[in-house]
Amino acid sequence: MKKIFSRVSALILAVSLLSVLSIAPMAQAADSSAAMEAYKAVLKNEMTFYSTDNNKNYKLNEFDYWNDTDTFPLDVDRFAVIDMDGDGTPEVVLELTTGFDGSFEVLHYENGTVYGFNFVYRSGLHSVTEDGIYQGSNGADDGSFLKASSIKDTYKEEELARSESGEAFYIGKSKVTEDEYDAFSRSVFNKPQAVWHDYNDANIASVLK
């Protein structure tokens, strides 16, 4: 009798685990689909996103990060769809330009809201790979490789490697030689790069689906 109960319990556990495993991909697919619809609405100026830098909701064509768009009109040049934090639901990265300078805006969908996180053009989010690794810079010889570790209503990033004044080199928290750092750099540069799309209605319709 005990063996029968044990087998029944094992069968119930197995069925429960299979149910959880089958539900998880379905939920993830639903989240991804909802995110794409929200991103599409934001890029078409049909829905606002919340700028975490300015603590304000904007439509994309009204976005005023520098609060000086009369002098330097802000335009979206191109966009890419990248899972920046590796959670299975992609983000949309916008490259923004003006007559003076530019920046990047990462759009992240969370529970019905699209959040925006700004990166100054000269110091961050360059050479983004398909899996979301990007370069940051604090100066000519100060560079780093970064990856988002978590994105919700806040953006958290992990430093994968860095170079300090071209004299000290780190991978993670460990100090390494310049050759080791260069090898890590090459491994990142050899990764597939993110695919960028010109910002237009045709690309919004074909890519965000």
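Go through the range 102-128 and count every residue that is more than 19 Å from K44 (Cα to Cα) and part of a loop (DSSP other than H, G, I, E, B).
Here the count works out to 6.
Hey, among the residues in the range 129-158 that are modelled with pLDDT of 95 or more and not in a strand (DSSP E or B), which one's surrounded by the most Cβ atoms within 10 Å (Cβ to Cβ)?
G132
Residue pairs, Cβ under 8 Å, 6 or more apart or interchain, first in the range 141-156 and without any contact (Cβ under 8 Å) to a residue 12 or more places away in the chain, second small (G, A, S). List them.
The qualifying pairs are K156/A148; K156/S149; K156/S150.
Of the conditions (1) surrounded by 12 or more Cβ atoms within 10 Å (Cβ to Cβ); (2) over 22 Å from Y155 (Cα atoms); (3) at pLDDT below 90, F63 fails just one. Which one is it?
The single condition F63 does not satisfy is (2).
Only residues in the range 31-43 that are in contact (Cβ under 8 Å) with a residue 60 or more places away in the chain and over 19 Å from V76 (Cα atoms) count as the first member; pair them with residues that are of a type in the set (G, A, S) and in a helix (DSSP H, G or I), Cβ under 6 angstrom, at least 6 apart or cross-chain, and list the lot.
Hits for this filter: zero, empty list.
Can you run down the residue pairs with Cβ atoms below 9 Å, 6 or more apart or on separate chains, where the first is in the range 166-179 and over 13 Å from S144 (Cβ atoms) and the partner is of a type in the set (S, T, Y) and not in a loop (DSSP other than H, G, I, E, B)?
Every condition considered, the pairs that remain are V176/Y170; E178/S163.
Which residue is surrounded by the fewest Cβ atoms within 10 Å (Cβ to Cβ), if the candidates are limited to the range 168-209 and must be outside any helix (DSSP H, G or I) and touching a helix residue (DSSP H, G or I) at 6+ places or on another chain (Cβ under 7 Å)? Before the answer, list the steps.
Of the residues in the range 168-209, the ones outside any helix (DSSP H, G or I) are 168-177, 190-200, 208-209.
Now narrow it down to the ones that are touching a helix residue (DSSP H, G or I) at 6+ places or on another chain (Cβ under 7 Å): 169, 171, 197, 208-209.
Values: F169: 20, I171: 16, H197: 15, L208: 21, K209: 9.
For the range 168-209, the residue satisfying everything is K209.
The values are calculated or read from the model by the stated rules, or taken from the named source; none is laboratory data. Everything numeric here is computed off the predicted structure, so don't read it as measured data. Positions of Cβ are generated from backbone atoms using ideal geometry, with glycine treated the same way; all protein chains shown enter the neighbour counts.
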